[in-house]
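The values are calculated or read from the model by the stated rules, or taken from the named source; none is laboratory data. Predicted model, so just to flag it, every value in this text is computed and none were measured. Neighbour counts are summed over all protein chains in view; Cβ atoms, including those assigned to glycine, are modelled from backbone coordinates with ideal geometry. Quick note on the areas: whole protein, heavy atoms, side chains included, nothing else; ligands and nucleic acids left out. Shrake-Rupley method; radii C 1.70, N 1.55, O 1.52, S 1.80 Å.
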Amino acid sequence: MMLLRLAKVSNGKSNHCDSEEMEMGFNVLSGGGEVVKSKRFIVRPKIKLWTARAITTVILWTIVVQLMAIGEFWGPKLLKGMPYCFSHSDASSMAVAKYSAPAKVLLPPKRIYKNNGYLMVSCNGGLNQMRAAICDMVAIARHLNVTLIVPELDKASFWADPSDFQDIFDVDNFIASLRDEVRILKQLPPRLKRRVELGLSYSLPPISWSDISYYEKQILPLLWKHKVVHLNRTDTRLANNGLPLEIQKLRCRVNFNALRFTSQIEQLGRKIVRILRERGPFLVLHLRYEMDMLAFSGCTHGCDSSEVDELTRMRYAYPWWKEKVINSELKRRDGLCPLTPEETALILTALDIDRSIQIYIAAGEIFGGEKRMAPLRATYPNLVRKETLLEPSDLRYFQNHSSQMAALDYLVSLESDIFVPTYDGNMAKVVEGHRRFLGYKRTILLDRKQLVPLIDLYTNNSLSWGDFSIKVKKVHAKRMGNPKTRIVIPYKPKEEDYFYANPHECLPLQDEPLRST
């Protein structure tokens with residue numbers, strides 16, 4: 001017989017409450033056949049009340065656990081404030097995933113080293129400027145044997161995007177995939193965090209285009225002394241060339257493997273690509289004709305006087321835009337201005353781009369709106385944007401987050417049949433390099449310095465269409481994303497080929513044949 005007992009410890013004293021007793025109990029027979037009442041257990045009303053409360057607590061806790069389990073499944077869709085794109089095809093893939101065991105992720109072994117300190121970094125600029133900076137900072141942290149804190153992204157620039165690192169990139173993949181190279185933490189240990197809050201760390205902007213020896217001689221001693229160093233500007237702070245091969249390869253590993261976008265961004269990017277692919281081949285046009293681009297560069301070709309005044313006022317409104325008085329036509333002749341939509345239509349036609357092809361516009365709002373886009377749309381009517389391909393609900397949680405919107409354009413640009421940037425900004429360069437890494441996908445790199453005089457000759461009727469088209473093709477015969485080695489210009493790092501546009505140390509052998517897409 002198995003006996004269940006409830007007992008109360010008494011100190012030998014009694015009172016009025018203790019005098020009222022209720023006898024209750026059970027004898028549970030081991031045979032399981034009979035349960036009989038027993039008078040061996042004495043439970044007072046006060047104990048009965050606490051017993052009821054305990055049982056209620058257990059029941060409520062069980063409910064909470066069940067709700068948490070449900071939350072693990074529905075969280076990404078309902079609780080995390082991010083869009084969830086669902087279709088019948090998604091349902092079938094979900095069913096497969098439900099009944100298949102998750103693939104085991106093999107993490108590289110942790111690298112063990114004597115920690116020389118903690119490196120904090122604050123990135124500046126747009127998405128791709130920050131992306132390249134993150135790659136540089138990982139390589140620097142690894143070389144100096146320091147612990148890197150997950151980088152802080154720019155929230156104060158023109159775009160004022162409040163996104164944190166984990167809102168754009170898969171932070172867990174970033175940390176885990178690099179654990180054999182560098183230790184990365186999401187935040188400083190509490191003791192050091194308090195030191196930083198008290199102003200006991202050291203902060204500085206590193207020198208641009210620096211060789212790795214600069215970080216060995218200038219930054220490492222600061223880490224030894226202060227334990228925590230904060231680099232507060234990180235764009236282009238590491239040289240393109242003259243670095244050890246292992247540093248160059250690590251920059252590539254971070255860029256092409258560790259910096260994976262969040263699952264929400266990846267899923268929506270794949271959805272856009274799937275819609276485009278169902279309709280046929282597509283070209284991505286990175287049309288840098290947004291208001292901020294024109295105001296910053298001072299490029300006003302084709303604008304009327306009121307538009308020129310508007311762009312000038314904007315340039316003067318931002319004190320950190322140092323160049324104020326700009327000769328637009330001179331910059332244009334030097335190839336330093338983005339092509340207008342009308343000029344872009346001429347060049348694409350001269351290059352024999354099929355007029356029926358889908359052209360995905362990877363850009364923000366075009367200055368001048370539909371009026372400025374009319375010549376391009378007349379030539380290539382199949383213009384699309386993410387806003388026209390998706391439902392408003394798909395983009396609801398990406399609105400007012402320019403870096404997350406740029407991440408979607410980045411993913412679509414990588415997958416396009418042809419990528420054409422009209423200006424060699426950071427996105428154009430980083431996408432160019434990534435497409436080289438993926439097998440030299442066709443990227444038409446427009447030579448604006450040679451194109452501008454050809455365009456002017458044609459529009460002035462000094463050059464026939466046939467001759468114009470032949471010359472445009474000739475200029476770009478070797479500017480299609482072909483394999484090449486970076487150009488090195490000693491003592492002029494700004495004029496060199498950008499590492500992230502052509503990371504040739506990480507690419508297949510240069511004499512391999514060009515693979516078609």
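Would you tally the net charge around Leu245, using a Cβ to Cβ cut-off of less than 15 Å, leaving Leu245 out, and scoring K and R as +1, D and E as -1? If you can, show how the numbers build up before the last one.
On the way: positive: Arg142, Lys249, Arg251, Arg253, Arg486; negative: Glu181, Asp211, Glu246, Glu505.
My count for the surroundings of Leu245 gives +1.
Just how far, in whole angstrom, is region 265-339 from region 143-189 if you go by their alpha carbon centroids?
29
Please list, or write none, the aspartates and glutamates whose alpha carbon is within less than 19 Å of the alpha carbon of Lys227, excluding same-chain residues fewer than 8 places away.
Glu152, Glu197, Glu216
When the Kirkwood radius is taken over all Cα pairs of region 262-395, what Stokes-Einstein diffusion coefficient follows at 25 °C and 0.890 mPa s, in µm²/s? Present the calculation step by step, with values, prior to reporting the outcome.
Details: Rh = 16.6 Å.
Estimated diffusion coefficient is 148 µm²/s.
Would you calculate the separation in nanometres between label points at Lys114 and Trp465, each defined as 7 Å from the Cα along the Cα-to-beta-carbon direction?
7.3
Please list, by residue number, everything in region 115-133 whose backbone N is under 14 Å from a paramagnetic label point 7 Å out along Cα→Cβ of Phe158.
Once the point is set 7 Å along Cα→Cβ of Phe158, 125-129 turn out to lie under 14 Å by backbone N, inside region 115-133.
Tell me whether region 118-258 comes out rounded, prolate or oblate; compute the Cα gyration tensor, take square roots of the eigenvalues as a ≥ b ≥ c, and use a/c under 1.5 as the rounded threshold. Walk me through the numbers before you get to the answer.
Values: a/c = 1.25, a/b = 1.03, b/c = 1.21.
Rounded is the answer for region 118-258, as its axis ratio a/c remains below 1.5.
Find the accessible area per residue for region 263-506; the probe is 1.4 Å, ligands and nucleic acids are left out, and the unit is Å². Write out the running numbers ahead of the final one.
Values: 11250 Å² over 244 residues.
That works out to 46 Å² per residue.
Could you compute how much accessible surface Glu246 exposes when probed at 1.4 Å, giving the result in Å² to the nearest 10?
In the full protein context, Glu246 sits at about 120 Å².
Taking K and R as +1 and D and E as -1, what net charge do the other residues with C-beta under 15 Å from the C-beta of Pro162 add up to? Let's see the in-between values first.
Details: positive: Lys155; negative: Glu152, Asp154, Asp161, Asp164, Asp167.
Value of the local net charge: -4.
What aspartates and glutamates sit close enough to Lys484 to cross-link, taking a C-alpha to C-alpha distance under 15 Å and skipping anything fewer than 8 places away on the same chain?
Filter leaves Glu432, Glu496, Asp497, Glu505, Asp511, Glu512.
Given points 7 Å out from each Cα along the Cα-Cβ axis, report the Ala378 to Asp309 separation in nanometres with one decimal.
It is 2.8 nm.
Taking 30 Å as R0, compute the FRET efficiency from the Cβ-Cβ separation of Trp224 and Leu245 and round it to 0.05.
Numbers: r = 27 Å, r/R0 = 0.90.
Efficiency, rounded to the nearest 0.05: 0.65.
In the full protein assembly as shown, how much of Arg233 is accessible to a 1.4 Å probe, in Å² to the nearest 10?
Its heavy atoms expose roughly 110 Å² to the probe.
Using a 1.4 Å probe over the heavy atoms of the protein chains, calculate the carbon and sulfur portion of the accessible area of region 263-506 as a whole percent. Write out the running numbers ahead of the final one.
Details: 5840 of 11250 Å².
Roughly 52 percent of what the probe reaches on region 263-506 is carbon or sulfur.
Can you give the accessible area of Arg277, probe radius 1.4 Å, in Å² rounded to 10?
Accessible area of Arg277: about 100 Å².
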